[in-house]
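The values are calculated or read from the model by the stated rules, or taken from the named source; none is laboratory data. Every value quoted in this text rests on a predicted model; they were computed, and no experiment measured them. As a convention, Cβ positions derive from the backbone with ideal geometry for all residues, glycine included, and neighbour counts pool all protein chains shown. SASA here: full protein model, heavy atoms, side chains in, ligands and nucleic acids out. Shrake-Rupley method; radii C 1.70, N 1.55, O 1.52, S 1.80 Å.
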Amino acid sequence: MENLLQTILKPMLDHPEDLEISFEESKYNVSYKISVHSDDVGRVIGKRGRVIKAIRIIMSNTNHDSSKKVFVDVD
């Protein structure tokens, strides 16, 4: 799942070397935290949050083998 996030995010960033993804897993959910360069935060969020919403939808739909809820946050 982390590789999927990298595949989605790296092409859209001006500073892909600053991309850091961390995750925490608990009994009921998985939380991914995306850290990018300050110039790229707007690209990841998108207008009215459309890009980050799409990323969240993709991540939650690819997690069909588990019943855990997936969260994606931008730092």
*Using R₀ = 35 Å, calculate the FRET efficiency as 1/(1 + (r/R₀)^6) where r is the Cβ-Cβ separation of Asp18 and Ser67; round to 0.05.*
0.55
*What do the square roots of 5 times the Cα gyration tensor eigenvalues come to for the stretch 36-75, in whole Å, largest first, as semi-axes of the equivalent ellipsoid?*
23, 10, 6
*Summing -39500 (n - 2.57) over the DSSP H runs of n ≥ 4 in the chain and dividing by its residue number, what mean residue ellipticity at 222 nm do you reach, to the nearest 500 deg cm²/dmol?*
-9500 deg cm²/dmol
_Evaluated at q = 0.11, 0.14 Å⁻¹: base-10 log I(q)/I(0), Debye formula over Cα of the chain_ = -0.26, -0.41
*Kindly express, to the nearest 10 degrees and within the range 0 to 90, the angle between helix 50-62's C-alpha long axis and the longest C-alpha principal axis of the chain.*
30
_Whole-number percent relative contact order across the chain, with pairs defined as alpha carbons under 8 Å at least 6 apart_ = 34
*asked:* Counting other C-beta atoms within 10 Å, and keeping those with at most 15, which DSSP coil chymotrypsin sites (Phe, Trp or Tyr not before Pro) do you find in the chain?
replied: Tyr28
*For the stretch 1-61, what is the accessible area per residue in Å², given a 1.4 Å probe and the full set of protein chains?*
67
*Enter the accessible area of Thr7 (Å², nearest 10), with the probe set to 1.4 Å and all protein chains included.*
100
